[in-house]
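Here the structure is laid out as structure tokens; the discussion comes afterwards.
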Amino acid sequence: MEDQRKVVLFIAMSLDGYIATEEDTLEWLFKVEGEGDNGYTEFYETIDTVLMGRRTYEWILEHMGRGSEFPYQGKECYVFSTTAHTPDSSVVFVQEDIPSFVKKLKNQHGKNIWLAGGGELIRSFLKEKLIDEMRITVAPVVIGKGIPLFKPDDYHLELSLKQTKQYNQFVELHYEVKK
């Protein structure tokens, strides 16, 4: 199907490949001088569905402040978790098989699907070859250790560079995953 929805990994990482410190902080990322919102708004308009892991979801709740509106209002938002959760009107918790769930989503009519994180969920998507495109924004920071974007596992993907964009000190690498 030519116009099938795509799963797009849109994420920032340090130059040495980390998406967060070992303590789950992103302070290093916010210290870098960008340009506007570094392409976020443009990307956000291309998606209508957000996928994330439980730890990413909990990080968002913890860091957005009490009483704040969930940042992905108006988008379908799915949180993958192996444990039961209290229902939340902003998200749907998913415990089913990831490949089957993603196949159903991709076959529905709509815009692209954003794989927002975190590390374990990304690893699962890479291993199952569920990612169609990667838009990785590299920050000019080396943090030495933390949560890697690409966790070691048994997967191999070939990519084709579609575009690069510079947002002041950030560089976005946009790849298509060869199928």
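Just the residues that are in contact with a Pro (Cβ under 8 Å, 6 or more places away or on another chain) and surrounded by fewer than 13 Cβ atoms within 10 Å (Cβ to Cβ), please, taken from region 60-115.
Met64
Taking region 24-47 as the search range and keeping residues that are assigned to a helix (DSSP H, G or I) and farther than 24 Å from Ile143 by Cβ, which one is nearest to the chain's Cα centre (by Cα)?
Filtering region 24-47 down to residues assigned to a helix (DSSP H, G or I) leaves 27-30, 40-44.
Then drop every residue that is not farther than 24 Å from Ile143 by Cβ, which leaves 41-42, 44.
Numbers: Thr41: 15, Glu42: 15, Tyr44: 12 Å.
Here the answer is Tyr44.
How about region 48-104: which of its residues are of a type in the set (Gly, Ala, Ser) and either free of Cβ contacts under 8 Å to residues at least 24 places away in the same chain or assigned to a helix (DSSP H, G or I) (or both)?
Applying the first criterion (of a type in the set (Gly, Ala, Ser)) to region 48-104 yields 53, 65, 67-68, 74, 81, 84, 89-90, 100.
Gly65, Gly67, Ser68, Gly74, Ala84, Ser89, Ser90, Ser100 - these are the residues of region 48-104 that are of a type in the set (Gly, Ala, Ser) and either free of Cβ contacts under 8 Å to residues at least 24 places away in the same chain or assigned to a helix (DSSP H, G or I) (or both).
Quick one: how many residues across region 1-23 are surrounded by 13 or more Cβ atoms within 10 Å (Cβ to Cβ) and over 20 Å from Lys178 (Cβ atoms)? Write out each step before concluding.
Looking only at region 1-23, we keep the residues that are surrounded by 13 or more Cβ atoms within 10 Å (Cβ to Cβ), and these are 5-14, 16-21.
Still in the list and also over 20 Å from Lys178 (Cβ atoms): 12-14, 16-21.
Matching residues across region 1-23 total 9.
Identify all residues within region 105-139 that are part of a helix (DSSP H, G or I), in contact (Cβ under 8 Å) with a residue 60 or more places away in the chain, under 24 Å from Glu58 (Cα atoms) and over 12 Å from the mean Cα position of the chain (by Cα); write none if there are none.
Result: Leu105, single match.
For region 149-169, indicate whether the set of residues that are small (Gly, Ala, Ser), surrounded by 12 or more Cβ atoms within 10 Å (Cβ to Cβ) and at pLDDT 95 or above is non-empty.
Residues of region 149-169 that are small (Gly, Ala, Ser), as a first pass: 160.
With surrounded by 12 or more Cβ atoms within 10 Å (Cβ to Cβ) added as a condition, the list becomes none.
No, every residue in region 149-169 fails to be small (Gly, Ala, Ser), surrounded by 12 or more Cβ atoms within 10 Å (Cβ to Cβ) and at pLDDT 95 or above.
For Ser124, work out the one condition from (1) among the small types (Gly, Ala, Ser); (2) in contact with a strand residue (DSSP E or B) (Cβ under 6 Å, 6 or more places away or on another chain); (3) under 22 Å from Asp48 (Cα atoms) it doesn't fulfil.
(2) is the only condition that Ser124 fails.
Which residues, taken from region 2-15, are under 26 Å from Glu128 (Cβ atoms), over 15 Å from the mean Cα position of the chain (by Cα) and touching a residue at least 60 places away in the same chain (Cβ under 8 Å)? Outline the logic, then answer.
Keep residues of region 2-15 that are under 26 Å from Glu128 (Cβ atoms), which gives 2-14.
From what is left, the residues that are over 15 Å from the mean Cα position of the chain (by Cα) are 2-5.
Result: Gln4, Arg5.
Quick check on region 24-35. Is at least one of its residues in contact with a helix residue (DSSP H, G or I) (Cβ under 8 Å, 6 or more places away or on another chain) and either closer than 12 Å to Val91 by Cβ or in contact (Cβ under 8 Å) with a residue 12 or more places away in the chain (or both)?
Going residue by residue through region 24-35, those that are in contact with a helix residue (DSSP H, G or I) (Cβ under 8 Å, 6 or more places away or on another chain) are 24.
Now drop any that are not either closer than 12 Å to Val91 by Cβ or in contact (Cβ under 8 Å) with a residue 12 or more places away in the chain (or both), which leaves 24.
Yes; the residues of region 24-35 include at least one that is in contact with a helix residue (DSSP H, G or I) (Cβ under 8 Å, 6 or more places away or on another chain) and either closer than 12 Å to Val91 by Cβ or in contact (Cβ under 8 Å) with a residue 12 or more places away in the chain (or both).
Against the definition (in contact (Cβ under 8 Å) with a residue 40 or more places away in the chain and either out of contact with any helix residue (DSSP H, G or I) (no Cβ under 9 Å at 6 or more places or on another chain) or polar (S, T, N, Q) (or both)), how does Phe43 come out, yes or no? Break it down into steps so the answer makes sense when it comes.
Values: in contact (Cβ under 8 Å) with a residue 40 or more places away in the chain: yes; either out of contact with any helix residue (DSSP H, G or I) (no Cβ under 9 Å at 6 or more places or on another chain) or polar (S, T, N, Q) (or both): yes.
Spelling it out, Phe43 is indeed in contact (Cβ under 8 Å) with a residue 40 or more places away in the chain and either out of contact with any helix residue (DSSP H, G or I) (no Cβ under 9 Å at 6 or more places or on another chain) or polar (S, T, N, Q) (or both).
Every residue, every condition in (1) among the aliphatic types (A, V, I, L, M); (2) closer than 19 Å to Lys162 by Cβ; (3) modelled with pLDDT of 95 or more, yes or no:
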site: Thr82; (1), (2), (3): no, no, no
site: Glu96; (1), (2), (3): no, no, no
site: Glu120; (1), (2), (3): no, no, no
site: Asp132; (1), (2), (3): no, yes, yes
site: Ala139; (1), (2), (3): yes, no, yes
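The values are calculated or read from the model by the stated rules, or taken from the named source; none is laboratory data. In this text, all values refer to a predicted model and were calculated from it rather than measured experimentally. Neighbour counts run over all protein chains shown; Cβ positions are idealised from the backbone, glycine included.
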